[in-house]
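Asker: Would you mind keeping the following structure in view while I ask a few things?
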Amino acid sequence: MRYVLFTAAAGAVVAAAVYAVTVSGRAPVSAQDFVNLQQGDTIQMGFRRAHANGFCISGEFQASGELAAYSSAKALQPGSYPFIGRMSIAGNNPTAPDLRAPVRSLALTILPDTADQWRTAMNTPPVMAVATPEKFYQQLLAIQSNTVPQFFADHPETAHFLEWRSHYQPSQSYATERYHSINAFYLVDRQGKRQAVRWAALPLTDDAGVIADEEAPDALQQEFFNRLQQGPVRFDVQFTLATANDDPADATIPWPETNPQLSAGTIVIEQASVQQEGACNALNFDPLVLPAGFAPSADPILRARAAAYAESHRRRAREVLMQQFAGGANE
Ligand code: HEM
């Protein structure tokens, strides 16, 4: 069994996550196994092993305070807080064509450089296809061996994901997508009372955008950089509260639209830069870097994510360092 430590904001070790799972009688799957599979045969030195193609963003989160009664987190009290973020497409290739990726993403760290920081990495699907790291690993294997239809047929819990996918139309812009936390978390108030939630970033523009060159690997990045020259890009951060009927540990099941929904505030994106030059590059958008006032749900995918992101970050940070040494030696 392998052990991976993960840390909270400000670097405090909050838990020893024992993350080694048995895949239907085969050898345990560790974070290293996940990242080996995700990076594939061609290592892209210095890049993320997943969501490698992306760019940095920054701006401010204007918190409404509507969630303040549910959580002591500073980011949810009324006010304006800086954030560093990243927009990306899924996949391990930093030059993969933007418009061919099935999943787009928005990652944020609100109040960076403080013990109050809240990190979140959101994707366009509202649900996972499968509920456990073991099955997600099998799904990645199925993608690599071109057996995805059989995988879906063998896993009826993929029905909600497939239903979403059947009507999802990728838009012409990162600015007009909906990004979901997918996994559930708890908000914790000052008395320690917990409320299970999911959240999503919902676009506040209906300007569809113009893609200058559909074949360009960075077509979406170009569109976004051009769009920002006309002014900030905004998203509403909407929280959905679980009811007693919802299972926070199962990310395959959508919660009913009739559940209470509250707006935490507005993400105002003011700047963007290529990732090699941006503050987001060195960040690991680990979904378990949570401030006081947030807590993880029992969803096992969350622990697997934290461990895999740390392993990916460890590899790419080492490569960046080695490249710097190699560059220095040549000067
Ligand atoms: C067991 C399931 C998952 C595994 C093993 C996994 C693995 C990874 C890895 C290794 C990275 C690169 C991390 C880095 O180097 O910084 C990554 C990035 C990312 N993942 Fe996941 N992931 C999983 C599930 C999810 C889910 C459910 C979401 C969405 C809610 C998600 C959203 C993202 C995003 C947005 C990024 C890019 C963050 C950035 O811009 O740096 N992942 N993932």
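Read-outs: derived from the displayed coordinates by stated rules, not from any lab. Fair warning: this is a prediction, and the values are worked out from it, not measured in the lab. Counting neighbours? That spans all protein chains shown, and the Cβs are built from the backbone with ideal geometry, glycine included.
Asker: Can you compute the modelled spin-label distance between ARG100 and ARG318, with each label point 7 Å from Cα toward Cβ, in nm?
Answerer: Taking the simple label geometry, ARG100 and ARG318 are separated by 3.1 nm.
Asker: Can you tell me the FRET efficiency between ASN93 and GLN169 if r is taken as the Cβ-Cβ distance and R0 is 25 Å, rounded to the nearest 0.05?
Answerer: 0.60
Asker: Here is a follow-up. Please list, in order along the stretch 84-100, the HN-Hα scalar couplings obtained from phi with the Karplus expression 6.51 cos²θ - 1.76 cosθ + 1.60 (θ = phi - 60°), rounded to whole Hz, x for Gly and Pro.
Answerer: 10, x, 8, 10, 7, 10, 5, x, 9, 10, x, 10, 5, x, 3, 7, 9
Asker: Where does each of THR147, THR132 land when they are ranked from fewest to most other beta-carbon atoms within 10 angstrom?
Answerer: Placing the least packed residue first, the sequence is THR147, THR132.
Asker: Enumerate the amide H contacts of THR252 below 5 Å, restricted to partners 5 or more residues apart or on another chain; note that Pro and chain-start residues carry no placed amide H.
Answerer: For THR252, whose amide H was placed from the backbone, the distant partners under 5 Å are MET128.
Asker: Per DSSP H run of n ≥ 4, the term is -39500 (n - 2.57); total these for the chain, divide by its residue number, and report the mean residue ellipticity at 222 nm rounded to 500 deg cm²/dmol.
Answerer: -7500 deg cm²/dmol
Asker: Rank these for me by crowding, SER312, SER72, SER273, going from fewest to most other beta carbons within 10 Å.
Answerer: Listing SER312, SER72, SER273 from fewest to most nearby Cβ atoms yields SER273, SER72, SER312.
Asker: Another question, then. Normalised by the residues of the stretch 53-298, what does the relative contact order come to in percent, with Cα pairs under 8 Å and at least six apart?
Answerer: So the answer I get is 29 percent.
Asker: Calculate the FRET efficiency for SER80 and GLN222 from the Cβ-Cβ distance with a Förster distance of 35 Å, rounded to the nearest 0.05.
Answerer: That pair, SER80 with GLN222, gives E of 0.75.
Asker: Got a sec to turn the phi values of the stretch 150-165 into Karplus ³J(HN,Hα) couplings, 6.51 cos²θ - 1.76 cosθ + 1.60 with θ = phi - 60°, whole Hz, x for Gly and Pro?
Answerer: Going residue by residue, I get 5, 4, 5, 4, 7, 10, x, 5, 6, 4, 5, 4, 5, 5, 4, 4 Hz, with x marking Gly and Pro.
Asker: Okay, next question. With θ set to phi - 60°, apply the Karplus curve 6.51 cos²θ - 1.76 cosθ + 1.60 along the stretch 212-224 and write out the HN-Hα couplings as whole Hz, x wherever there is a Gly or Pro.
Answerer: Calculated HN-Hα couplings, in order: 6, 9, 5, 8, 5, x, 10, 4, 6, 5, 4, 4, 5 Hz.
Asker: Let me ask something else. Counting other C-beta atoms within 10 Å, which of SER181, SER171 has the fewest, and how do the rest follow?
Answerer: SER171, SER181
Asker: If you take the beta carbon distance between GLU215 and SER263 as r and set R0 to 41 Å, what does 1/(1 + (r/R0)^6) give as a FRET efficiency, to the nearest 0.05?
Answerer: Using R0 = 41 Å, I get an efficiency of 0.60.
Asker: Another question, if that's okay. Can you tell me the length gained on complete extension of the stretch THR205 to GLU277, counting 0.36 nm per residue apart and subtracting the Cα distance?
Answerer: 23.2 nm
Asker: Here is a further query. Working out 0.36 nm times the residue gap between PHE325 and THR243, then minus their Cα-Cα distance, what length gain in nm do you get to one decimal?
Answerer: Roughly 24.2 nm would be gained on extension.
Asker: Using only alpha carbon positions, build the gyration tensor of the chain, then give the equivalent ellipsoid semi-axes as the square roots of 5 times its eigenvalues, largest first, whole angstrom.
Answerer: So the equivalent ellipsoid measures 27, 26, 22 Å along its semi-axes.
Asker: Turning to a different aspect of this structure: Once label points are set 7 Å from the Cα along Cα→Cβ at both LEU141 and ILE43, what is their separation, rounded to one decimal in nm?
Answerer: Simple spin-label model gives 2.4 nm for this pair.
Asker: How far apart, in nm, are the 7 Å Cα→Cβ label points at LEU162 and LYS193?
Answerer: The modelled label-to-label distance comes out at 4.2 nm.
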